[in-house]
Amino acid sequence: MTLFELQTWLGHRSPQSTQFYAKISPTTLTRAYDDAGYFSRNVRTIEVLVDRDAVTSGAAAVGEPWQHYDLGHGYCTYTFFEECPHRMACAPCDFHAPKDCG
């Protein structure tokens with residue numbers, strides 16, 4: 001039902017009255033999202049390539065990039081990729097490594 005249909009059905013004079021009585025708890029809202037499959041559809045995955053040579057040679061221990069997040073157009077070498085404040089504005093970023101076109 002729409003808000004106005006519910007308002008008429010309940011006999012309220014204003015939509016504000018209906019909204020007051022029809023408040024949804026966070027638990028109910030979360031259950032509705034889960035039932036609709038929202039969370040499973042919006043899980044993002046990204047491929048992470050690990051540079052084994054950098055790890056085994058010890059270069060990673062002195063700060064060389066060893067994780068490469070595949071962005072499609074290049075790689076991100078930022079260790080905390082999931083916390084990146086400027087997602088996908090990669091070209092000017094120091095952590096961006098373009099892919100070879102060969």
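Pairs are defined by a Cβ separation below 6 Å, a sequence spacing of at least 6 or placement on different chains, a first member in region 35-54 that is open to solvent by less than 100 Å² (accessible area, probe 1.4 Å), and a second member that is at pLDDT 75 or above and of a type in the set (S, T, Y); the pairs so defined are I46/Y69; V48/Y69. Only residues that are loosely packed, with under 10 Cβ neighbours inside 10 Å and not basic (K, R) were counted across region 2-15, and they come to 3.
The numbered conditions (1) at pLDDT 85 or above; (2) open to solvent by less than 30 Å² (accessible area, probe 1.4 Å) are all true for C90 except (1). Taking (1) within 19 Å of the chain's Cα centre (by Cα); (2) assigned to a loop (DSSP other than H, G, I, E, B); (3) not small (G, A, S) in turn, C93 satisfies each apart from (1). If only residues of region 3-26 that are of a type in the set (V, I, T) and at pLDDT 85 or above are counted, the one that is farthest from L71 (Cα to Cα) is T8.
The values are calculated or read from the model by the stated rules, or taken from the named source; none is laboratory data. Computed from a prediction, not measured in an experiment: that's the story for all the values here. Ideal geometry is used to build each Cβ from the backbone, glycine not excepted, and the neighbour counts take in all protein chains shown. Heads up: the accessible areas ignore ligands, DNA and RNA and are worked out on the full protein's heavy atoms, side chains in. Shrake-Rupley method; radii C 1.70, N 1.55, O 1.52, S 1.80 Å.
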